[in-house]
Amino acid sequence: MYSGSTSVKTTAVYKENRIFIVQNHVHLHFFQQNSQFSASFAQFIEDMNHTLHIIVTLRKEKIMKIYTLEQIRKIEKDIPLMVEQLEKGYEKYSLGETVVPPVGYLHFDEPVGNTYIKYGYVKGDDSFVIKVFNGFPENAESGLPTSDGLNMVFDSKTGMTKAILLDEGWLTGFRTAGATLVCAKHLAPKHITKVGICGTGTQAHAILSMTPYVLGKQKVVVYGYTKELTDAFVAEFKEKGFDIEPAYDVNTVCDECNYIVTATTTMTPLITADMVKPGTHITGVGADAGGKNEIDASVFAVADLVVNDSKSQCTVDGDTSFALKKGTIKEESIIELGTLIHTGKGRENDDQITVADLTGIAVQDIIAAEMACQLLGE
Ligand SMILES: NC(=O)c1ccc[n+]([C@@H]2O[C@H](COP(=O)([O-])OP(=O)(O)OC[C@H]3O[C@@H](n4cnc5c(N)ncnc54)[C@H](O)[C@@H]3O)[C@@H](O)[C@H]2O)c1
């Protein structure tokens with residue numbers, strides 16, 4: 001019987017987002033039997049297994065790449081491509097060409113927080129994506145970002161990890177704003193009086209920043225939860241060259257704007273039917289779970305066209321769910337965004353009231369993550 005010490009020394013370098021194992025040295029020193037033998041041998045086996053696992057994984061060239069927000073943000077310049085890809089993605093979703101399980105959702109009470117796990121794949125695609133997005137609104141009080149998250153991209157033929165996108169929730173804002181642009185393309189009135197934004201948080205920033213890509217330069221009116229938040233948002237966007245004014249109540253937004261996007265965490269509806277003028281389009285992105293409700297059920301009763309990004313999600317978690325419960329709309333009269341794009345049946349004239357309820361679907365995350373991977377050379 002022999003005993004001794006073993007050490008497994010792995011030298012690795014982190015270069016261009018890859019982890020390379022440079023050297024693996026296994027030192028074995030066997031001595032006469034002593035009481036430490038069993039323990040050190042077991043540790044040796046464990047270390048070896050771990051090291052071999054890393055080597056085998058790397059040798060197969062399934063080298064995981066980790067990307068930071070700074071790298072991922074480069075897809076920002078491709079907004080037209082994002083809109084085009086999203087349109088195709090929505091169509092595939094509504095035609096049943098995707099696999100999208102129900103959204104994983106966690107709610108936290110103190111402080112209030114929401115975690116969403118959205119995942120799935122487009123049939124025939126090389127990758128599948130799992131996204132985690134966290135929204136913790138009270139972070140704003142301590143100066144922390146209100147959202148964070150990441151996307152994991154896997155090979156759909158082997159299940160191997162392709163990339164981890166540490167996007168800090170940014171991709172969600174980008175693809176949500178992209179979704180509002182898809183709705184603008186198909187549902188906005190031809191002549192826009194003013195663009196109205198309700199909310200001054202992360203999504204509102206992303207949405208307004210990207211709006212000119214489809215609607216061109218427009219006058220903007222913004223309503224925030226408080227005067228301070230509204231004024232700060234206006235000052236920031238004026239600095240960026242936007243023609244923007246504050247509104248201190250939602251009535252003003254509805255009076256002046258015929259294209260409105262709501263992106264708040266409110267549970268008390270902001271917009272009711274009596275506020276909405278003929279010809280208005282409203283896209284709501286805020287009500288996505290947890291009892292949030294921005295567009296009152298009464299608006300659905302006066303709408304000529306009600307669009308859901310996902311009927312199965314919106315009828316449970318979106319503004320649409322409240323309208324269904326109150327009986328101001330019937331499920332059969334709702335059209336999915338992908339079906340609308342596929343059939344070309346959008347807004348028919350500038351007098352119609354149209355509503356798009358978006359809860360955010362995994363297909364958007366798949367598209368955003370795959371776009372980022374492609375740009376980053378995956
Ligand atoms: N549909 C989607 O795809 C999608 C994607 C991302 C986020 N979201 C949802 O959009 C909402 C906003 O997300 P965010 O990341 O901008 O959050 P955020 O915390 O950064 O911003 C929330 C905004 O809502 C405002 N607000 C809160 N209560 C309000 C009230 N009663 N009246 C008016 N304004 C009020 C806040 O002042 C803030 O401007 C959240 O509910 C989030 O879950 C939806």
Amide H contacts of G279 (H built 1.01 Å from N, under 5 Å, at least 5 apart or other chain): Q352, I353
Euclidean distance of C-alpha centroids, region 190-232 and region 85-102, integer Å: 28 Å
Spacing of the two label points (7 Å from each Cα toward its C-beta) at V112 and D126, in nm: 4.3 nm
Qualifying lysines (Cα of each under 17 Å from Cα of K74; at least 8 residues distant if same chain): K65
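Could you give the dipole magnitude of region 179-360 about its Cα centre, charging the beta-carbon of Lys and Arg +1 and that of Asp and Glu -1, in debye to the nearest 20? Don't skip to the end; give the middle numbers.
Working: 16 positive and 24 negative charges, 65 e Å.
It comes to approximately 320 debye.
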³J(HN,Hα) computed for each position of region 209-223 - Karplus, 6.51 cos²θ - 1.76 cosθ + 1.60, integer Hz, glycine/proline x: 4, 9, 3, x, 4, 10, 9, x, 6, 10, 6, 10, 10, 10, 10
Two-site FRET efficiency, A232 against R73, from Cβ-Cβ distance with R₀ of 22 Å, rounded to 0.05: 0.45
In Hz, Karplus ³J(HN,Hα) per residue of region 102-110 (6.51, -1.76, 1.60; θ = phi - 60°; x = Gly, Pro): x, 5, x, 9, 10, 10, 10, 8, 10
Taking S156, S310 and counting other C-beta atoms within 10 Å, the order from fewest to most: S156, S310
Whichever aspartates and glutamates have a C-alpha closer than 15 Å to that of K194, once near sequence neighbours (fewer than 8 apart) are set aside: D243, E245, D255, E256, D350
Lysine pairs in region 240-378 with Cα atoms under 25 Å, if 8 or more residues apart or on separate chains: 14
Fully extended contour minus Cα-Cα distance, from L376 to D155, at 0.36 nm per residue: 78.0 nm
Two-site label geometry, L144 and T343: point separation in nm, points 7 Å out along Cα→Cβ: 4.6 nm
5 angstrom amide H check on N308, placed H, neighbours 5+ away: I335, E336, L337, D357
Amide H contacts of S127 (H built 1.01 Å from N, under 5 Å, at least 5 apart or other chain): S156
Integer Hz, Karplus 6.51/-1.76/1.60 couplings in order for region 284-293, x for Gly and Pro: x, 10, x, 7, 10, 3, x, x, 6, 8
E331 versus D351: modelled label distance in nm, points set 7 Å from Cα along the beta carbon direction: 3.3 nm
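A short reminder: the numbers here are calculations on the coordinates, not readings from a lab. Not measured: the values here are computed from a predicted model. When we count neighbours, we look across all protein chains shown, and the Cβ atoms used for this are built from the backbone with ideal geometry, even at glycine.
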